[in-house]
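Everything on this sheet refers to the single structure shown next.
The values are calculated or read from the model by the stated rules, or taken from the named source; none is laboratory data. These figures come from a predicted structure and were not determined experimentally. Note: ideal-geometry Cβ built from the backbone for every residue, glycine included; neighbour counts use all protein chains shown.
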Amino acid sequence: MPTPLDDLAARIAALERALPELSRSSRLAYSSIDDGALTVTADGQLRAIIGQQPDGTTGVNLVNGPVPPAPAVPSATPTLGGVRVGWDGHFAGNAPSPLDFARVEVHAATAASYTPSPATLITTIDTPQGGVATVPTSTPVWVVLVARSTSGKASTPSPTAFAGPAPVVAQEVLAGIVGELQLADDAVTAAKVAAAAITADSIAAAAVTAVKLGEAAVVAGKIAENAVTPGTVAPDAITAREITAGAITTAELAAGAVSTAKLAAGAVTASEIAAGAVTAAKLATNSVTTDKLAAGSVAAGKLAADSVTAREIKALSVTADKLAVNSVTADKIAAGAITATQLAADAIDGRTIKGVTIEGGTVTGGVLRTAASGRRVQLSPTDPVDGSAAPSALLYSGAVAEQQPARLTAEVRSTPDGNIPMTRLTGPQLTADGNHTPRLWLNSGCPGSAYPARGNWTLGVAGEYGMAGEAVVSGTAGDTTSGAAIQMSVRRATGGYKTSLTYLTSESWMIQTADQIANMYLDKGGLVIKALLGEVLLQTSTGLRVQGGNVDVGYGLVKNSSTWSPVTFKQGCSQLGGWQSVTVKKRPDGMVALRGIVSVPAGVTSGTIGTIDDPNLRPKAGEVFPVATPSNANANLFVQPNGNLEVWNATGQFGGWLSFGNVEWSSVD
């Protein structure tokens, strides 16, 4: 009897026999899709949906297709109102037309470079065979094409094409094609009508009415002769304004038409009255008054004898120009009648009036003096001594030896401070050549110059201010930075000012010979003597002693350094802490000493380890010195004329430092 195991084995054998048949037959021969869809994939990407679509429709929907190739460059030609764009159906690189081709988009923009977008999309060409499209525009545009697949993929833009709209000219418009219906309302304005385009034949009869005429449109030149008759003139239409001057003559006036009532006030003037027409019988009593007489119309010959008395003469009406020469004599002037107030300016011309006191007056252009000679004071608008335009006060002592008086003068002078106003006080001149005449100048300084406007004074002898041979002592008020200054100087024939002594501040002095042979400066740093020309001789009865500080001989060969100068380290070298600093100094004999200990990194075995910056401390030629190291490694120090401190020929590691003791060289030979 078969067991359950036997039944299972029989079923498996039957399935094995049926399996080959199933693999050879079509599995969808009698299949259907109920309320569903088949999907097609490639490389893990969905490519198509066959059957029911997500929106409820049924069909074949291609998705995620490949990017189509870019269309070939389009053509662009001008056309009326826009640009005509053409595509020949080819793609860039002669690529074949994609099987999922949907359309070619036409994009246009006024910029040469842009990214196609819905804002630049104008129209589409929907066949892969190509076609043409029109881009409406009034300005030139750049056109590109973009291919689009059925799955919505867009290609890269094609190369651009450029064109502008064709102008609308008369040759492009057929005769009669623009009719009345083609013109928009108000399209034809007065500005569009050519001159003389509308003639009388073009105006319908009675088309121009009074309503069509503007104000003052009809002028006299447009009215035919005799066109206006009395019957066509409205009552009161012609007023005085419409009558031309002189148009109505005597012949047009009726007899008795002009009466007295018709004459306007003042209408009849003297020119309208005939000569001799107005006689005495025509004048009313008292009709001729003073205001009716023209100026000068009544001459002396018209006056009766004794007709003009004192009563008829107006007060102050008789002036000097009305008086005859010598008509007013002394016996006609009352005693005390003429006072100072009665004297007009310039009334006294070259004549002397003695014993007169002038109060509150101004004397212009004259010279005032207290006496004609001897001791006196004279005020003058100019300086009579040197002829300058400076107002002056001259003080005469009356001494026999006085060649010129002392003078107080206000003037403008060119000084080291600039052109400034100053007051000059000059002592009496006792010699004919003016030598040894002292002068004092006072001024307030010159803003913007080397000295502040604090007040200056200068006392000089021999010559004028700013001339050769002058010797002056001057003082300047100080400010918050420079302090007060007193200076003595001379001016030679050549070379300008040479300062002899200047006291600048309480902390600085300068003593300098007038001819610039030597300078000596004394300040807080000590005494400095410099030879500028020739030689300097220092001589005393007990010898010369210089104590403290440094001596600087500026024109000699030897110059002593005031301090030890540091060197500039190289290659990571530095000062060894706790030991003598690496410095150099020149001694009075011209020898330069190098001292100190330098820390050297382990990797440095040769090369430049420092530089002497001051050229005055460098040797004229190269020098070589042995130097000490903690490892006793032999090394040589080269001191070069360019200031380099170089270490060479070391037999091993330095051990961390180098010592410069007992290293010195000459800086002068």
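Of the residues Ser138, Ser97, which single one is free of Cβ contacts under 8 Å to residues at least 60 places away in the same chain, hydroxyl-bearing (Ser, Thr, Tyr), over 22 Å from Gly164 (Cα atoms) and out of contact with any helix residue (DSSP H, G or I) (no Cβ under 6 Å at 6 or more places or on another chain)?
Ser97
Every residue in region 637-654 that is exposed (fewer than 14 other Cβ atoms within 10 Å of the Cβ) and either among the acidic types (Asp, Glu) or modelled with pLDDT under 90 (or both), please.
Within region 637-654, the first condition is being exposed (fewer than 14 other Cβ atoms within 10 Å of the Cβ), and the residues that meet it are 641-642, 648-649, 651-652.
Once the filter is applied, which keeps residues that are exposed (fewer than 14 other Cβ atoms within 10 Å of the Cβ) and either among the acidic types (Asp, Glu) or modelled with pLDDT under 90 (or both), region 637-654 yields Trp648, Asn649, Thr651, Gly652.
Name the single residue that is surrounded by the fewest Cβ atoms within 10 Å (Cβ to Cβ) among those in region 387-432 being farther than 22 Å from Thr370 by Cβ and among the acidic types (Asp, Glu).
Looking at residues that are farther than 22 Å from Thr370 by Cβ and among the acidic types (Asp, Glu), I get Glu411.
Among the candidates Thr124, Thr115, which residue alone is part of a strand (DSSP E or B) and among the polar types (S, T, N, Q)? Before you say what the answer is, go through the steps one by one.
On the way: Thr115 fails: part of a strand (DSSP E or B).
Of the residues listed, the single one that is part of a strand (DSSP E or B) and among the polar types (S, T, N, Q) is Thr124.
Which count do you get for residues in region 593-632 that are exposed (fewer than 15 other Cβ atoms within 10 Å of the Cβ), part of a strand (DSSP E or B) and under 60 Å from the mean Cα position of the chain (by Cα)?
1
Here are Ala163, Ala194: which of them is surrounded by 10 or more Cβ atoms within 10 Å (Cβ to Cβ) and at pLDDT 75 or above?
It is Ala163.
What's the total number of residues in region 41-85 that are surrounded by fewer than 12 Cβ atoms within 10 Å (Cβ to Cβ) and either charged (D, E, K, R) or free of Cβ contacts under 8 Å to residues at least 12 places away in the same chain (or both)?
10
For region 639-657, which residues satisfy the criterion of being over 15 Å from Val584 (Cβ atoms), part of a strand (DSSP E or B) and hydrophobic (A, V, I, L, M, F, W, C)? Please lay out each step first, then the result.
So in region 639-657, the residues over 15 Å from Val584 (Cβ atoms) come out as 646-657.
This time we only want the ones that are part of a strand (DSSP E or B), so: 646-648, 657.
If the condition is that a residue be over 15 Å from Val584 (Cβ atoms), part of a strand (DSSP E or B) and hydrophobic (A, V, I, L, M, F, W, C), then Val647, Trp648, Trp657 are the ones that fit.
Assuming Asn634 fulfils every condition listed in (1) closer than 22 Å to Ser667 by Cα; (2) touching a Pro at 6+ places or on another chain (Cβ under 9 Å) apart from one, which condition is it?
(1)
Just for region 206-220: of the residues that are part of a loop (DSSP other than H, G, I, E, B) and not small (Gly, Ala, Ser), which one is surrounded by the fewest Cβ atoms within 10 Å (Cβ to Cβ)?
Once the filter is applied, the top-ranked residue is Glu215.
Tally time: how many residues in region 310-323 are closer than 17 Å to Thr290 by Cα and assigned to a loop (DSSP other than H, G, I, E, B)?
Kept after step one, since they are closer than 17 Å to Thr290 by Cα, are these residues of region 310-323: 311-314, 317.
Now restrict to residues that are assigned to a loop (DSSP other than H, G, I, E, B): 313-314, 317.
Residues flagged as closer than 17 Å to Thr290 by Cα and assigned to a loop (DSSP other than H, G, I, E, B) within region 310-323 amount to 3.
Looking at (1) surrounded by 10 or more Cβ atoms within 10 Å (Cβ to Cβ); (2) at pLDDT 85 or above, which one does Leu183 not meet, given that it meets all the others?
Condition (2) is where Leu183 drops out.
Residues are listed down the side, and each one gets a yes or a no for (1) under 18 Å from Asn642 (Cα atoms); (2) modelled with pLDDT of 90 or more:
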residue	(1), (2)
Gly549	no, no
Asn560	no, no
Gly577	no, yes
Ser581	no, yes
Val584	yes, yes
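Mind telling me which of the residues Leu316, Leu263 ends up being without any contact (Cβ under 8 Å) to a residue 24 or more places away in the chain and surrounded by 10 or more Cβ atoms within 10 Å (Cβ to Cβ)?
Testing whether each residue is without any contact (Cβ under 8 Å) to a residue 24 or more places away in the chain and surrounded by 10 or more Cβ atoms within 10 Å (Cβ to Cβ) leaves just Leu263.
Does Val228 satisfy the condition of being assigned to a loop (DSSP other than H, G, I, E, B), over 60 Å from the mean Cα position of the chain (by Cα) and farther than 30 Å from Val188 by Cβ?
Details: assigned to a loop (DSSP other than H, G, I, E, B): yes; over 60 Å from the mean Cα position of the chain (by Cα): yes; farther than 30 Å from Val188 by Cβ: yes.
Criteria met by Val228.
Looking at this structure, is Leu19 in a helix (DSSP H, G or I) and either more than 27 Å from Ala154 (Cβ to Cβ) or at pLDDT 75 or above (or both)?
yes
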